[in-house]
Amino acid sequence: MPIYEFYCENCHTVFNFFSQRVNTETRPDCPKCGRSRLERQVSLFSVSRNRSEQGSDPFEGVDESRLEQAIMSMAGELEGLDQDNPQQAATVMRKVMDQAGIEWGDGVEEAIGRLEAGDDPDEIEDTLGNSIDDDANLFSAKPRNMLGAIRRKYLPPKTDPVLYDL
């Protein structure tokens, strides 16, 4: 009787589902927000104690509680943003990242500065695309979705403690 893990991008949460039999086809809806067809996750089942680290932690250096506090403090400010104003969105993004203590690369710094100055986002992407590829989803997110994009990029997903039926 397996337990399957599924990830909800909207909630940035991993949910556990219990099945009476092996079921590799079913993809449940999110029990929290209702998003359909969650992403199946590969579950870790063992860890070798004497194994050397192989690669860097993508969250290394990010103070998770500090980032979460920055996101929560800016949530109200995002509610009043014009959905089609990238200049406002860039200003809020800079504030969140500064409060969280996250260092951007030179390309992202330049992109945010140019957005704040009122440059056209498509032109910025054309000229700086390669230097901001990893952060492109942050720039393409609508202002109200920006905090979720930041949370998904810099924080590991939450794990819901409830075991749901599949």
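Of note:
- Taking the conditions (1) surrounded by 11 or more Cβ atoms within 10 Å (Cβ to Cβ); (2) modelled with pLDDT of 65 or more; (3) not small (Gly, Ala, Ser) in turn, residue 20 satisfies each one other than (1).
- Members of the stretch 1-36 found to be out of contact with any Phe, Trp or Tyr (no Cβ under 9 Å at 6 or more places or on another chain) and of a type outside the set (Ser, Thr, Tyr), listed by number: 9, 10, 11, 12, 20, 21, 22, 25, 29, 33, 34, 35
- Test for residue 40: is it modelled with pLDDT of 85 or more, not in a loop (DSSP other than H, G, I, E, B) and not hydroxyl-bearing (Ser, Thr, Tyr): yes
- Exactly one residue out of 61, 34, 76 is at pLDDT below 70, of a type outside the set (Lys, Arg), within 21 Å of residue 152 (Cβ to Cβ) and not in a helix (DSSP H, G or I): that is 61.
The values are calculated or read from the model by the stated rules, or taken from the named source; none is laboratory data. Everything numeric in this text was worked out from a predicted model, so none of it was measured. All Cβ positions, glycine included, derive from the backbone under ideal geometry; neighbour counts span all protein chains shown.
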